[in-house]
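**Student:** I am attaching a structure below and will ask some questions about it afterwards.
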């Protein structure tokens, strides 16, 4: 990744790092963060850096490498554990037939839209989505891609957009039988080849791209295709699987009718589950399936706004958390704003459980703690075992955001989560940094792209896609 700053000093901000070891807040007003070579090299009182004014005291000094964060929170960059970049072209689409259930939503909208994508469309839809991520403070994204009319090379085109935007991304292609055996075979090959390419890049020090083996959902994958995908993944030493699971009740019903077992049991028998795999949604699973997920250490990704929009139900995030399942948070492409998604999760859990005290901690932990745990499994960068994303500590990735926020009430460790949910989440993102590279500063992009030109070309491509409807 070109453009990474070799040194950067962030001063005068409130340093906030809600992490797995407890919600830690440093509000002494004198902590500063030194970034070198893409990582946080020092977090220390301002007095340690008092002699530094950008005049060469820090090795690798470059002009403009001091950021004054006065009046702002300095937080870890946000992580989106499940989205679909290609859905960019659905924005404003008005020609979709009404859908009475989830299967009709897929057939009337998504399976028409993804089939109309070209490789150029794949690239622009991804780039537009990542620009939105930068503006909303999301620095790492797990994308689940589909473009049946342009399968081979599609993940490479998304990777090109990732490189241009400067984010971190874990990509996969969703394997499915819905477009026939040839497309299914190409999808398996696309996953395999991209995973191998990511490994080559990682060995060379690329900390921005990772690959998972994508599967669409149980009801669109035959046993033959599922076993072939698992076999290819095993031979390639794949990192794990990224698959939709029990999003709608019909998915679970299909598995019981056609395979004689639940979705989760089917995936366990096939070898899909494990600590490196991610099940998106899990709205319609019972306690037995939760136990299997917990026993195998498989990750679950909650997508509350999408579940509400598709009227499929509510995932039992509180119940899964009690089982020890790592439940992360995704958006399923409903938004690029992870704070918005987090708040939606809070309200939905409270309403579903009919208890205003339920779901708060579990929903905030999904974003602020568990997404970091999930990302850490894929981004060790091959340098040190304690490399982290989603936290601010020495040795962690220098992925940070600066948020406009002056607390109007006492601001400490006890009140931090309340401030994040009811104040910080509605505040503006001022600066977004990935790997020490400033992608946005003072709410203006600094990645050297022409937004107006990109949006114009995207509109032209979207018109072609919309013709399919």
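**Student:** Among residues belonging to the stretch 260-276 that are in contact (Cβ under 8 Å) with a residue 40 or more places away in the chain and in contact with a helix residue (DSSP H, G or I) (Cβ under 9 Å, 6 or more places away or on another chain), point out the one that is farthest from residue 186 (Cα to Cα).
**Tutor:** The residue in question is 275.
**Student:** When residue 404 is evaluated against the numbered criteria (1) surrounded by 18 or more Cβ atoms within 10 Å (Cβ to Cβ); (2) closer than 28 Å to residue 88 by Cβ; (3) in contact with a strand residue (DSSP E or B) (Cβ under 8 Å, 6 or more places away or on another chain), which criterion, by number, is the only one it fails?
**Tutor:** Checking residue 404 against (1) surrounded by 18 or more Cβ atoms within 10 Å (Cβ to Cβ); (2) closer than 28 Å to residue 88 by Cβ; (3) in contact with a strand residue (DSSP E or B) (Cβ under 8 Å, 6 or more places away or on another chain), the one that fails is (1).
**Student:** Residue by residue through the stretch 206-230, note down the ones that are modelled with pLDDT under 95 and out of contact with any helix residue (DSSP H, G or I) (no Cβ under 7 Å at 6 or more places or on another chain).
**Tutor:** 206, 207, listed by residue number.
**Student:** Does the stretch 108-164 hold any residues that are part of a loop (DSSP other than H, G, I, E, B), in contact (Cβ under 8 Å) with a residue 40 or more places away in the chain and farther than 28 Å from residue 402 by Cα, and which are they?
**Tutor:** Passing the criteria: 117, 118, 146, 147.
**Student:** Would you check which residues across the stretch 301-329 are without any contact (Cβ under 8 Å) to a residue 40 or more places away in the chain, outside any loop (DSSP other than H, G, I, E, B) and touching a helix residue (DSSP H, G or I) at 6+ places or on another chain (Cβ under 7 Å) and list them?
**Tutor:** Passing the criteria: 305, 319, 320.
**Student:** Could you name every one of the helices (runs of 4 or more DSSP H) located completely within the stretch 357-469 that has at least 2 residues being over 30 Å from residue 115 (Cβ atoms) and in contact (Cβ under 8 Å) with a residue 40 or more places away in the chain?
**Tutor:** It comes to 360-365, 371-376, 416-422.
**Student:** Would you confirm whether or not the stretch 332-341 contains a residue that is in a helix (DSSP H, G or I), modelled with pLDDT of 95 or more and buried (at least 23 other Cβ atoms within 10 Å of the Cβ)?
**Tutor:** Yes, the stretch 332-341 has at least one match.
The values are calculated or read from the model by the stated rules, or taken from the named source; none is laboratory data. None of the values given here were measured: they were computed from a predicted structure. So basically every Cβ, Gly included, is an ideal-geometry build from the backbone, and we count neighbours across all protein chains shown.
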